[in-house]
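Asks: If you scroll down you'll find the structure; I have some questions about it.
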C-alpha cells in the first residue's frame, strides 16, 4: 500500500511504514531481475528492503525452486497460552515461504504474528478442496481437512 500524498508505504510482509525510495517501475524491474519475469504475473505489494533481502535469500534455496502450494501456520507468542495459534493458510503456488507469506497477505489470510511453513506435496494438494485454499483456517477446519487428506 503506497500513499502518494506522503510518499510512504506499508510493508506487506512486516507491516512497517517506510519512505518510498524507488519508483514503482524500478521496484518491478528489481523484482523481475531477482525472481524472474513470472513473478510479475501475480498481483504484487510493496515490501521493505529487509523483507525483500530475506525473500531473496529464501528464493536462493535450491531445494525450493519449483513453485508449490504452502501450509503456513501463524502464531503470536505474545498472546496468553492457549490463544497463541492464529490459524493456517494454504496458499500458492510459490517457490519459497517469503513469497507464500506475501500471497497470504494479498489474499487476506495472513493474520500477522510469526509464520512457519512447509511445502505441500502434490498428491495432497489435489485432495485439498478449493474452499480451504487462500483463506485462514481455524482448528476445526484443519481437523476436517485432515480427513480429506487421508486416503
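The values are calculated or read from the model by the stated rules, or taken from the named source; none is laboratory data. The structure presented is a predicted model; accordingly, all values stated were derived computationally and were not measured. Here the Cβ is made from the backbone with ideal geometry for all residues, glycine too, and neighbour counts use every protein chain on show.
Asks: I'm trying to understand the selection: among the residues of the range 64-85, which are outside any helix (DSSP H, G or I) and under 15 Å from the mean Cα position of the chain (by Cα)?
Replies: Listed by number, the residues that qualify are 67, 68, 69, 70, 71, 72, 73, 74, 75.
Asks: Exactly one of (1) over 27 Å from residue 133 (Cα atoms); (2) surrounded by fewer than 18 Cβ atoms within 10 Å (Cβ to Cβ); (3) at pLDDT below 85 is unmet by residue 62. Its number?
Replies: (1)
Asks: Determine, yes or no, whether residue 102 is in the same structural domain as residue 145 (by TED's automatic domain parsing) and more than 20 Å from residue 128 (Cα to Cα).
Replies: Yes; evaluated as a whole, the condition is true for this residue.
Asks: In the range 89-134, which residues are assigned to a helix (DSSP H, G or I), touching a helix residue (DSSP H, G or I) at 6+ places or on another chain (Cβ under 8 Å), within 16 Å of residue 73 (Cα to Cα) and without any contact (Cβ under 8 Å) to a residue 40 or more places away in the chain? Spell out how you get there, then give the answer.
Replies: Kept after step one, since they are assigned to a helix (DSSP H, G or I), are these residues of the range 89-134: 97-107, 122-125, 130-132.
Filter once more, so that each one left must be touching a helix residue (DSSP H, G or I) at 6+ places or on another chain (Cβ under 8 Å): 97-99, 102, 124, 132.
Among the residues that remain, those that are also within 16 Å of residue 73 (Cα to Cα) are: 97-99, 102, 132.
Result: 97, single match.
Asks: Suppose the filter is modelled with pLDDT under 90, under 11 Å from the mean Cα position of the chain (by Cα) and surrounded by 16 or more Cβ atoms within 10 Å (Cβ to Cβ); does residue 102 pass it?
Replies: The answer is yes for residue 102.
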